[in-house]
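Student: First the structure, which I've put down as structure tokens, then a few questions once you've had a look.
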Amino acid sequence: MKNNLSKLLALTLTAALLLSGCGSNQDAAKEGDKQSGDNQQGQQSDQKDSKENKKEITDLVLSKVSTSELETFNILYSETSANGQYLTNLWDGLLEVDSYGKLVPAIAEKWETKDGGLTWTFHIREGVKWVDVNGEEKADCNAHDFATGLEWVLNYHKNDSANTTMPNEMVRGAEEYYEYTKGLSAEEAKKLNTGDGSKFLEMVGIEIPDDYTVIYHCKEAKPYFDTVGAYGCLYPLAQGLVDELGVDGIKSMNNENMWYNGCYTMTSYIQNNEKVFTKNPNYWDKDCKLFDTVTVKMVESNDVAFQLYQSNEIDYVNLTESNLKTISANKENKYNTQLVEWPLDFRSYQIHFNYFKNKEDGTPDTEWNTVAANEAFRLAWYYGLDLAPSYSRINGIHPMSCENNYYTMKGLLYTSDGTEYTELVRNELGLENPNGKTMARLDADKAKQYKEQAMKELGDLDITFPVQVDYFVSGGNQAALDTAIVLQQAISDSLGDDFVKLNIKTYISSLSKEVHDPQLQSINISGWSADYGDPQNYLGQETYGNDTAYYSRVVSNINDVVEDETNKALLDAYREYTSLVEQANKICDDLDARYAAYAKAEAYLIQHALTIPNYYNTGWVLTKINPYSKMKALYGIQNEKMKNWETSQDGYTTEEMNVIAAEHDKKA
């Protein structure tokens, strides 16, 4: 989709920016490749009649795998999509997006910048209410709540550095306030607030001139700052709730004592079992379409979910490789004509190395840390690891549609001439265009060269081969275990059993608590979706020496590495990469130049295999939900906001969805 907000900003950056919210979509259809004549018109007519005759679902039932269980009810603390998919239905922020990815009003009914992105003013709509779990009114949600929310995020002892990256990087005085609170005792920091004369209002570039106006002052021009309004770091927090629960109570709040301003309240929560969302009777958007209730059932795997779909107990299911093969191979199967390929989930997935791994006893795993620091070892993976077999686990019909060669998600950004951002990265890497048959980055000669180099260099350091690589998956998820086995075989086939051995290990319930916190993994595979519309949000997560960079802090642990002879080159590469990111981030008056600089930084990250691009997530489903009616959040947290979803009690057929997708693309 090239009418992306970032492209529009690139085209109009030299003009004074004045953006106000608008809920309407583009009406003009584009002419393009399409079926011709009566057949296409007949299909559209049939689709229109079918849509009018479809019976909508009023009480939706979904399933989620147990590995995506909710870990916090505080959206200001959440940094994962596992939390965001639920919390986005309970809290509303300044802005949201529509089904085409366009920013539209939420609690802010309009917004503007009159100085090219240095100062942003958001006008808060009147009549937004905070309610309790039963939908009973507790207080007005107004501009002051956005100040309270930002203070919470920036207060080290309240939010533990979560979600500070964006405001620290963008908002004037935010980083200074964060460091100020970090230097206080916990008791002192917890007493801070946003009242008149507060240290927060004195230091941070935020103004609340009245109950319905919030003004943010950026450090420098940020023409994309409004896209941050769709992410949790700028969400509101009611001071009345803080007064009621206390700081520690906010940290541990649950569905029964929290306040809501979103489309639903969570009227029932049974951990690892079931959640019930109930329509908020006091929701501000009176014209939107909501379900009366949404029940989410936690299941062990998508195989279990498929059984529930077959018995009509849930309304949507992601198909596993085996289920997809069974259905697609048999035209007589009742679901054969109902297979729907859903759009990309807007995340870019990578293989992340842990550079400061611990053993089970908590002592450093010196052997693995030495191996991971060796660039030749990592480059042997980059050029040699053929991930195509694992793509079939994700999309059994079009596996190579999952191929990913970049860190940033494709489709997020465009230059002023319409060039998609990852094309800039591809050119920097010198990659051929993907051919849909083999991975573009594979190079057998380079893989062999780097493998031999790594074995020589590491052998001189008394490293034993094959190198043991610890990889963790949920022990209760058979599909995840099967996928790990496919990856294990791909590594064996591509890199050789004499070089590496993937050890599949399991955790019980929490990857973060059982694996990441004690730093037990050798590698981790995870995806990042943009929090706002700029490359900094992706590439900043890998910067060195930044305790707010998510992957550096939580997964790679690069900030824990103590420099010595074996890891100096690794740290030098991280320092150079970080410098390139910082240089790119200083370019604010020319988005084309900014994107070009970020593309160089991203290429450097990949060329040194500090992390390795893995896949895009797209697959096949059976669905009673029209995925093209959902919010298309290439940034922000609204992808799973259950608002204005179109549904059919009978489900959608492949043919119906193809027509819906074509019509949607015309308006994009």
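The values are calculated or read from the model by the stated rules, or taken from the named source; none is laboratory data. Please read all numbers here as calculations on a predicted model, not as lab measurements. Ideal geometry is used to build each Cβ from the backbone, glycine not excepted, and the neighbour counts take in all protein chains shown. Surface areas here come from the heavy atoms of the whole protein model, side chains and all, with no ligands, DNA or RNA. Shrake-Rupley method; radii C 1.70, N 1.55, O 1.52, S 1.80 Å.
Student: Taking 0.36 nm per residue of sequence separation and subtracting the Cα-Cα distance, how much length would be gained by fully extending the chain between Asn134 and Ser416, in nm to one decimal?
Tutor: Working it through step by step, the gained length comes to 96.7 nm.
Student: So, one more: In the chain, with Lys and Arg counted as +1 and Asp and Glu as -1 at Cβ, which of these residues, Asn639, Gly195, Asn626, has the Cα nearest the positive end of the dipole, that is, farthest along it?
Tutor: Result: Asn626, furthest along the dipole toward the positive end.
Student: Find how much the distance from Ser629 to Ile215 grows on full extension, using 0.36 nm per residue of separation minus their present alpha carbon separation; answer in nm with one decimal. Numbers along the way, then the final one.
Tutor: Values: separation 414, 0.36 × 414 = 149.04 nm, distance 3.22 nm.
Between Ser629 and Ile215, full extension yields an extra 145.8 nm.
Student: Using a 1.4 angstrom probe on the protein heavy atoms only, could you order Asp285, Asp493, Asp196, Asp560 from most to least accessible area?
Tutor: Putting Asp285, Asp493, Asp196, Asp560 in descending order of accessible area: Asp196, Asp493, Asp560, Asp285.
Student: Could you order the peptides 379-387, 336-344 from most to least packed, using the average number of other C-beta atoms within 10 Å per residue?
Tutor: Working: 379-387: 22.0, 336-344: 17.3.
Going from most to least packed, we get 379-387, 336-344.
Student: Please list, by residue number, every one of the trypsin sites (Lys or Arg not before Pro) in the range 297-405 that is coil in DSSP and has at most 10 other beta-carbon atoms within 10 Å.
Tutor: Numbers: sites: Lys297, Lys325, Lys331, Lys334, Arg347, Lys357, Lys359, Arg378, Arg393; in loops: Lys331, Lys334, Arg347, Lys357, Lys359.
The qualifying sites are Lys331, Lys334.
Student: Under a 5 Å amide H to amide H cut-off, with H placed in plane at 1.01 Å, what residues pair with Val299 once short-range neighbours are removed?
Tutor: HN-HN under 5 Å from Val299: Lys64, Val65, Ser66.
Student: Would you work out if the range 471-627 is rounded, prolate or oblate? Take a ≥ b ≥ c from the square roots of the eigenvalues of the alpha-carbon gyration tensor; rounded if a/c is under 1.5, else prolate when a/b is larger than b/c, oblate otherwise. Can you show the working numbers first?
Tutor: Details: a/c = 1.86, a/b = 1.30, b/c = 1.43.
Oblate is the answer for the range 471-627, as a/c is 1.5 or above yet b/c matches or exceeds a/b.
Student: If r is the Cβ-Cβ distance from Asp460 to Glu563 and R0 is 22 Å, what FRET efficiency results, to the nearest 0.05?
Tutor: In this case the efficiency is close to 0.65.
Student: Work out from phi, with θ = phi - 60° and the Karplus expression 6.51 cos²θ - 1.76 cosθ + 1.60, the ³J(HN,Hα) of each residue of the range 283-299, listed in order in whole Hz, and give x for Gly and Pro.
Tutor: 5, 5, 8, 6, 8, 7, 9, 10, 7, 5, 9, 10, 9, 10, 9, 7, 10
Student: Probe radius 1.4 Å, ligands and nucleic acids left out: which of Leu290, Leu570 has the largest accessible area, and how do the rest follow?
Tutor: From most exposed to least exposed: Leu290, Leu570.
Student: Shifting gears a bit: Tell me the Kirkwood radius of the chain: reciprocal of the mean inverse pair distance over distinct alpha-carbon atoms, in Å.
Tutor: 26.1
Student: Return the distance in nm (one decimal) between the two label points of a simple spin-label model at Glu432 and Glu244, each offset 7 Å from Cα along Cα→Cβ.
Tutor: Taking the simple label geometry, Glu432 and Glu244 are separated by 6.3 nm.
Student: In the chain, carbon and sulfur make up what percent of the accessible area (probe 1.4 Å)? Please report the intermediate quantities before stating the final value.
Tutor: Numbers: 12200 of 26760 Å².
C and S atoms contribute 46 percent here.
Student: Follow-up. How far, in nm, would the chain grow between Glu663 and Lys600 when pulled straight, counting 0.36 nm per residue and subtracting the alpha carbon separation? Display every interim value, and only then the final one.
Tutor: Numbers: separation 63, 0.36 × 63 = 22.68 nm, distance 3.66 nm.
Gain on stretching Glu663 to Lys600: 19.0 nm.
Student: At a Förster distance of 56 Å, what's the computed FRET efficiency of Thr326 paired with Ser185, Cβ-Cβ distance as r, to 0.05?
Tutor: FRET efficiency, Thr326 to Ser185: 0.40.
Student: Further question on the same structure: Once the Cβ-Cβ distance between Ser268 and Val104 is put in as r, and R0 is 35 Å, what FRET efficiency do you end up with, to the nearest 0.05?
Tutor: Numbers: r = 30 Å, r/R0 = 0.87.
It comes to 0.70.
Student: Can you put Met455, Met409 in order of accessible area, largest first, using a 1.4 Å probe?
Tutor: The residues order as Met455, Met409, largest area first.
Student: Of Lys600/Lys666; Lys275/Lys641; Lys331/Lys666; Lys279/Lys334; Lys297/Lys624; Lys138/Lys182, which ones are farther than 23 Å apart at the Cα?
Tutor: Lys600/Lys666; Lys331/Lys666; Lys279/Lys334; Lys138/Lys182
Student: Let me ask another. For the chain, return all DSSP H helices satisfying: extent of Cα atoms along own axis at least 15 Å; mean Kyte-Doolittle hydropathy at least -1.0.
Tutor: 143-154, 478-495, 568-585, 591-607
Student: Okay, moving on. Could you do me a favour and compute the accessible area per residue for the range 244-355, 1.4 Å probe, result in Å²?
Tutor: That works out to 44 Å² for each residue.
Student: Keeping every protein chain present and rolling a 1.4 Å probe, give me the accessible area per residue for the range 396-469 in Å². Don't jump to the answer; show the numbers that get you there.
Tutor: Values: 3650 Å² over 74 residues.
With the other protein chains kept in place, the range 396-469 gives 49 Å² per residue.
Student: Dipole magnitude of the range 535-624 about its Cα centre, charges +1 at Lys/Arg Cβ and -1 at Asp/Glu Cβ only, in debye to the nearest 20?
Tutor: The dipole of the range 535-624 has a size of about 440 debye.
Student: What does the charge count around Asp303 come to, taking other residues whose C-beta lies under 12 Å from its C-beta (Lys +1, Arg +1, Asp -1, Glu -1)?
Tutor: Charge balance near Asp303 sits at -3.
Student: Taking amide hydrogens as modeled 1.01 Å from N in the peptide plane, which residues meet the under 5 Å criterion relative to Trp130, leaving out close sequence neighbours?
Tutor: Under 5 Å from the amide H of Trp130: Lys138, Ala139, Asp140, Cys141.
Student: Could you work out how far apart the two model spin labels at His398 and Asp517 are, taking each label as a point 7 Å from the Cα in the direction of the beta carbon, and quote it in nm?
Tutor: Distance between label points: 4.1 nm.
Student: I'd like the Karplus ³J(HN,Hα) series for the range 354-366: coefficients 6.51, -1.76, 1.60, θ = phi - 60°, whole numbers in Hz, and an x wherever there's a Gly or Pro.
Tutor: Those phi angles translate into 9, 8, 9, 7, 10, 7, 4, 7, x, 8, x, 8, 4 Hz.
Student: Run the simple label-point estimate for Ile504 and Asp592 please: 7 Å along Cα→C-beta, distance reported in nm.
Tutor: 5.0
Student: With Cβ to Cβ distances under 9 Å as the rule, what net charge do the other residues near Thr337 carry (K, R +1; D, E -1)?
Tutor: Here the count lands on +1.
Student: Right, here's the next one. Projecting each Cα onto the charge dipole of the chain (Lys/Arg +1, Asp/Glu -1 at the beta carbon, about the Cα centre), which of Leu379, Val562, Gly459 comes out farthest on the positive side?
Tutor: Most positive-ward Cα: Leu379.
Student: What does the charge count near Leu487 come to, summing +1 for each Lys or Arg and -1 for each Asp or Glu among other residues with Cβ under 14 Å from its Cβ? Could you put the intermediate results ahead of the total?
Tutor: On the way: positive: Arg393, Lys501, Lys505; negative: Glu321, Asp386, Asp470, Asp482, Asp493.
Net charge around Leu487: -2.
Student: Something else now. Using unit Cβ charges (K, R positive; D, E negative) and no other charged atoms, how large, in debye to the nearest 20, is the dipole of the range 292-435 about its Cα centre?
Tutor: 200
Student: OK, next. Only four residue types carry charge here, +1 at the Cβ of Lys and Arg and -1 at the Cβ of Asp and Glu. Report the dipole size of the chain about the Cα centre in Debye, rounded to the nearest 20.
Tutor: 1120
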